[in-house]
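No value in this document is a laboratory result; all are computed from the given coordinates. Please read these numbers as outputs of a predicted model, since none were measured by experiment. Neighbour counts are summed over all protein chains in view; Cβ atoms, including those assigned to glycine, are modelled from backbone coordinates with ideal geometry.
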Amino acid sequence: MPALTADSGSVKRSFRLEAFGAPLVAASEELPVPTGRGVLLRTLVCGVCHSDLHIADGHFDLGNGNRIDLTRSVALPRILGHEIVGEVVALGPAAEGVALGDRRVVFPWIGCGTCGDCRAGREHLCGAPRALGVNCDGGYADHVLVDDPRYLFDFAPLTDGQACTLACSGLTAFSALRKAVPFPAGAQALVIGAGGVGLSAVRMAHALLGTAPIVADPDRTKWALAMEAGAAATIDPREPGIARELVKGTGGGVAAAFDFVGSGDSFAFGFSALAKGGRMVVVGLMGGATQFSPALLPMKSATICGSYVGSLTEMAELMQLARSGVLPALPVTARRLDEVNDALDDLRAARIHGRVVVTP
Ligand SMILES: [Zn+2]
Ligand SMILES: [Zn+2]
């Protein structure tokens, strides 16, 4: 699909979800005109994310026959794609703080703006979300309309591809790690799951926690990537006795365990590796269940919490950190927007290393 130029008329071209479980379909519509504080971006890249597969399927499969139905929260047709980087091409009359030609990464986890969560700065937890690429149209299009310039972040000197991943996997990893800050000096951290988000957390751990985490993943083919990302060591959580060894080897356990898998097994493993006063942060949505003795919480004086994407404030903090150049880069492959269905198929078949971004 050719890029829109100034004289290509007022058409917005996209690939959108018209039926759950079916491929995305090429579509065109009238180019939106920003009103109020709105900003129209010409899409430069949009990251292809695992959650797009779940949205396209219409459900999150939690394992053990449990599903989260997405068909009621996602109205069709919908343009997916929430890892958006674009150039400002039109501004509403009240939009301030950005200028035509500015390149920006978008915070997509937008809320209703009026509920208690939104007013408290927790838009990403809003019960009536307007997240771009989920509840509102996103970045698998040559243009994206954003409600307010406050959702736009400068990302120089990062590349477009690096910047777009910060809005999703980067922010998710950052928000999870931040829940263990201040991190005790000299203590150890455990990252469970060496997938995309887990590896982002490994990359950020030095900057946020001041330590190189131990990475647990039964898939040994991921161990080299984890070490490259900055892990202190890699372990197989399915090895008998490994949790006890880990507690011994770390002088009483880890101060924080970040579970990017979210299964019964990964939770049990992470909790058993915690030191006294330790913190367990669950991010993954694999599902399943585990037996858990509540008495262990006071005995360990442990804290368990969940983490879901991240707030607008955390996005600002993350951008500052990333732009300072302290985070190692993620491998990024670019494809054309009209290949987005192929990219999603490759992601489903686990044929993708690093991140794929599509470009209109
Ligand atoms: Zn994502
Ligand atoms: Zn809200």
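Some observations on this one:
- Using θ = phi - 60° and Karplus 6.51 cos²θ - 1.76 cosθ + 1.60, couplings along the range 150-157 (whole Hz; Gly, Pro as x): 5, 8, 10, 10, 5, 10, 4, x
- In the chain, taking the dipole from charged Cβ atoms about the Cα centre, the farthest positive-side position among THR43, THR165, LEU199 is held by LEU199.
- Under a model in which nothing but the beta-carbon of Lys, Arg (+1) and Asp, Glu (-1) is charged, the chain shows a dipole of about 980 debye around its Cα centre.
- Scalar couplings 3J(HN,Hα) for the range 167-179, obtained by applying the Karplus form with A = 6.51, B = -1.76, C = 1.60 to θ = phi - 60°, are 5, 10, 4, x, 5, 4, 5, 4, 5, 5, 5, 4, 5 Hz; x denotes Gly and Pro.
- Per-residue extension of 0.36 nm, minus the Cα-Cα distance of ASP61 and PHE20, leaves a gain of 13.3 nm for this segment.
- Max mean-square fluctuation residue, GNM over the chain, Cα-Cα springs under 10 Å, options VAL326, VAL146, VAL89: VAL326
- q = 0.18, 0.29, 0.30 Å⁻¹: log10 I(q)/I(0) that the Debye formula gives for the range 150-205, counting C-alpha atoms only: -0.69, -1.20, -1.24
- Selection from ALA19, GLY116, LEU53 lying farthest towards where the dipole of the chain points positive, charges on Cβ: GLY116
- Separation between Cα centres of the range 194-256 and the range 39-53, rounded to whole Å: 30 Å
- Cα-centred dipole magnitude for the range 267-360, charges only on beta-carbon of K, R (+1) and D, E (-1), debye, nearest 20: 400 debye
- Counting 0.36 nm for each residue step from SER28 to LEU297 and taking away their Cα separation leaves a gain of 91.4 nm.
- The range 180-306 - charge dipole about Cα centre, Lys and Arg +1 at Cβ, Asp and Glu -1, debye rounded to 20: 300 debye
- Alpha-carbon Rg/Rh ratio, for the range 1-127, with Rh computed the Kirkwood way: 1.00
- For the chain, the relative contact order comes to 18 percent (Cα pairs under 8 Å, sequence separation of at least 6).
- Listed by chain and number, the lysines whose alpha-carbon sits under 23 Å from that of LYS276, ignoring those within fewer than 8 places in the same chain, are LYS179, LYS248, LYS300.
- Fully extending the segment from ARG348 to TYR308, taken as 0.36 nm per residue of separation minus the present Cα-Cα distance, adds 12.2 nm.
- Backbone amide hydrogens, once placed in the peptide plane, bring LEU31 within less than 5 Å of VAL11, LYS12, excluding anything fewer than 5 places away on its chain.
- Taking only Cα atoms of the range 180-306, radius of gyration then Dmax in Å: 13.2, 39
- Ranked by how many other beta carbons lie within 10 Å on average, peptides 285-292, 330-337, 228-235 from highest: 228-235, 330-337, 285-292
- Working note: 222 nm ellipticity from helices only, DSSP H runs with n ≥ 4, each -39,500 (n - 2.57), summed and divided by the residues of the chain, gives -7000 deg cm²/dmol to the nearest 500.
- Prolate/oblate/rounded label for the chain (Cα gyration tensor, a/c 1.5): prolate
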